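A short write-up of the structure that comes next.
The values are calculated or read from the model by the stated rules, or taken from the named source; none is laboratory data. The structure displayed is predicted, hence computed values, not measured ones. Cβ: placed from backbone, ideal geometry, glycine included. Neighbour counts: every protein chain shown.
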Amino acid sequence: MIFYLATPLLILSALPQTIKLIKGKSSKDISLLTYAMTFLGVLLIFIRALQVGDMAIILGNGGSLLFLCINTFLIIKYK
């Protein structure tokens, strides 16, 4: 049950950074390595959630992966 409460927070946690990247068109102070490591960690948890069929974790990490992909693309684009 607690995962269903945490899922929206997890998904929306990357939204402020996404908005800042889009508005500022700069990623000079953002570490691409940090985003890459976070992406890998979330991806591994997502894969495990798929294996065990935990829908809350699948949704939370799937949404996070979406924002991480967007942010990583924007970081590379605006470097």
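Condition (residue is surrounded by fewer than 17 Cβ atoms within 10 Å (Cβ to Cβ) and in contact with a Phe, Trp or Tyr (Cβ under 7 Å, 6 or more places away or on another chain)) applied to region 33-56: is it met by at least one residue? Within region 33-56, one or more residues are surrounded by fewer than 17 Cβ atoms within 10 Å (Cβ to Cβ) and in contact with a Phe, Trp or Tyr (Cβ under 7 Å, 6 or more places away or on another chain). Only one entry in 28, 20 is of a type in the set (Lys, Arg), in contact (Cβ under 8 Å) with a residue 12 or more places away in the chain and out of contact with any helix residue (DSSP H, G or I) (no Cβ under 9 Å at 6 or more places or on another chain), namely 28.
The residues on offer are 20, 79, and the sole one that is surrounded by fewer than 16 Cβ atoms within 10 Å (Cβ to Cβ) and not in a helix (DSSP H, G or I) is 79. Against the test of being within 17 Å of residue 55 (Cβ to Cβ) and of a type in the set (Gly, Ala, Ser), the options 14, 6 yield a single qualifying residue, 6.
For first residues located in region 48-59 and outside any helix (DSSP H, G or I), partners that are buried (at least 18 other Cβ atoms within 10 Å of the Cβ) and modelled with pLDDT of 90 or more and lie 6+ apart or on another chain with Cβ distances below 8 Å do not occur.
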